[in-house]
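Engineer: The structure follows.
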Amino acid sequence: MIPMVNLKAQYAEIKEEVERGLAETIENCSFILGPNVQAFEKETAAYLGVKHAIGVASGTDALHLALIAEGIGAGDEVITTAFTFIATAEAIKYVGAIPVFVDIDPRTFNISPEAIEAAITPKTKAIMPVHLFGQPAELEEIVEICERNNLKLIEDCCQSFGASIDSKQTGAFGHAAGYSFFPSKNLGAFGDGGLVVTNSDETAAKIKQLRNHGSDVRYYHDVIGYNSRLDEMQAVILRAKLKRIDQYNQARRHVAHLYSELMADLPLITPYEDNVGEHVYHQYTLLSDRRDEILAALQAHQIGAAVYYPVPLHKQNVFKEECAGVSLPVTESVSEHCFSLPICPFLEDDTIREIVSVIRGVLTA
Ligand SMILES: *Cc1c(COP(=O)(O)O)cnc(C)c1O
């Protein structure tokens, strides 16, 4: 059995450090917004090159609170991609705004700057690009569009921890950005967790209030907030992994490049690196006309594989009515042909060869 993500192998390396940190936390009983959350916020802000990082309960909450703090609300239009996880659009809906789905680049699967430009209306208030599968979206163009049209840029970095453009991290370009620490993400906790980053003091102050019941001083409440704090125990785990994140992301890049090299002669479309920035391969996603046969063969060999994402958001039941007139030909075609192979920092070269040989068997039979 070859899983999509091998979390066990990763644990062996950080076990001692994590167990020590967790034991200390249990001894101290500092469970909520304790010293590890504070230290992790400092460490991630430094790593990501931003002024503020605020730990929250999940990536979904990070995006939701970022939208509130940036003043996005009822009736505002937020331009985003339909080729993403549902949470991107959920956050937009939570604040009463309208997700406006536009098409993607056929090679990178990221939101198309031209499509963004064409969708801007007087109601547009923000753009929410997703750095899908770990490849930075075309931020230079998107930042320029936001400046020219006076729009907020809120980055969905849930799949791009550590991805950068000219050594500037994704998340550092926008007015605010949201990260997820869901266990399978590039930086993953042992449960849920998230982070908002921003260079704005005002946005940071609002997020700190919002995550903690609208309160700066205990039992004094200025706004209706939420219970959305990063858990202290998760912060212990995340601190251990943050130290090794570059090594993990380099290992992911190695896995991806070996896959692509071994499949170069096969009738498949392997991931395209646009070299706009450094891809951190949250997923290794290909296109094939024979996807279903390949998936069946992988399953028969007990090799994990998955389709991210089989139904784009504008075709989901929840959005079907609202998006009745929306047609996104590239998104629709990609979702019909894409599939993702196992990837994680601990996938061995021989295992990669074994996976490729199964795919080769299907395509050369
Ligand atoms: C994982 C993910 C989220 C949501 O993160 P959670 O921590 O699971 O709430 C949002 N957007 C994208 C693109 C994601 O991959």
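Engineer: Under a point spin-label approximation (7 Å from Cα along Cα-to-Cβ), what is the Ala9-Gln247 distance to one decimal in nm?
Structural biologist: 1.4
Engineer: With unit charges on the beta carbons (Lys and Arg positive, Asp and Glu negative) and the dipole taken about the Cα centre of the chain, which residue among Ser30, Thr44, Gly225 sits farthest to the positive side?
Structural biologist: Ser30
Engineer: Put a dot 7 Å past each Cα toward the Cβ at Ala365 and Lys123; how far apart are the dots in nm?
Structural biologist: 5.0
Engineer: Let me ask something else about it. Give me the dipole magnitude in Debye, nearest 20, for the chain about the Cα centre, with unit charges on the beta carbon: positive for Lys and Arg, negative for Asp and Glu.
Structural biologist: Charge dipole of the chain: 680 debye, to the nearest 20.
Engineer: How far apart, in nanometres, would the label points at Ile26 and Glu321 be if each is projected 7 angstrom from Cα along the Cα-to-Cβ direction?
Structural biologist: Using points 7 Å along Cα→Cβ, the separation is 5.0 nm.
Engineer: Sticking with this one: Rounded to the nearest 5, what % of DSSP beta bridges with both residues in the chain are antiparallel?
Structural biologist: 60
Engineer: Still on this structure: Quick one: which residues, 5 or more positions from Ala177 or on another chain, have an amide H under 5 Å from its amide H? H modelled 1.01 Å from N in the peptide plane, none for Pro or chain starts.
Structural biologist: Hits under the 5 Å cutoff: Glu155, Val197.
Engineer: Quick check: the distance between the Cα centres of the range 287-355 and the range 254-271, to the nearest angstrom?
Structural biologist: Rounded to whole Å, the Cα centres lie 16 Å apart.
Engineer: Follow-up. Pairs of Cα atoms under 8 Å, at least six residues apart: use those to get the relative contact order of the range 1-156, whole percent. Provide the component values of the computation, followed by the final result.
Structural biologist: On the way: 182 pairs, mean separation 26.9, N = 156.
Taking the mean separation of contacting Cα pairs over the length of the range 1-156, I get 17 percent.
Engineer: What FRET efficiency, computed as 1/(1 + (r/R0)^6) with R0 = 35 Å and r the Cβ-Cβ distance, is obtained for Glu348 and Asp166, rounded to the nearest 0.05?
Structural biologist: Given R0 = 35 Å and the Cβ-Cβ separation, E is 0.65.
Engineer: Does the range 192-304 come out rounded, prolate or oblate, given a ≥ b ≥ c as the square roots of the eigenvalues of its C-alpha gyration tensor, rounded meaning a/c under 1.5 and, failing that, prolate meaning a/b above b/c?
Structural biologist: Cα axes put the range 192-304 in the prolate bin.
Engineer: While we're here: More than 28 angstrom separation, counting every C-alpha pair in the chain; what % is that? Don't skip to the end; give the middle numbers.
Structural biologist: Details: 29404 of 66430 pairs.
Roughly 44 percent, rounded to a whole number.
Engineer: State the extension gain, in nm to one decimal, for the chain segment bounded by Lys93 and Glu140, taking 0.36 nm per residue of separation less the distance between their alpha-carbons.
Structural biologist: Going from the current span to full extension adds 14.3 nm.
Engineer: The range 1-79 to the range 162-194: how many Å between their Cα centroids?
Structural biologist: Using only Cα atoms, the two centres lie 9 Å from each other.
Engineer: Ignoring the sites themselves, what is the longest stretch of the chain with no chymotrypsin sites (Phe, Trp or Tyr not before Pro) in a DSSP loop and at most 15 other beta-carbon atoms within 10 Å?
Structural biologist: My reading of the result: 32-218 is the longest stretch.
Engineer: For the range 59-114, how big is Rg over Rh, using alpha carbon atoms and the Kirkwood form of Rh? If you can, show how the numbers build up before the last one.
Structural biologist: Details: Rg = 11.6 Å, Rh = 11.6 Å.
Computed over Cα atoms, the ratio is 1.00.
Engineer: Quick one: the Cα spread of the range 1-136 along its three principal axes, in angstroms, biggest first?
Structural biologist: The Cα atoms of the range 1-136 stretch 55, 40, 26 Å along the principal axes, largest first.
Readers should treat all values here as calculations from the given coordinates under stated rules, not as data from a laboratory. Here the structure is a predicted model, which means the values were calculated and not measured. Here the Cβ is made from the backbone with ideal geometry for all residues, glycine too, and neighbour counts use every protein chain on show.
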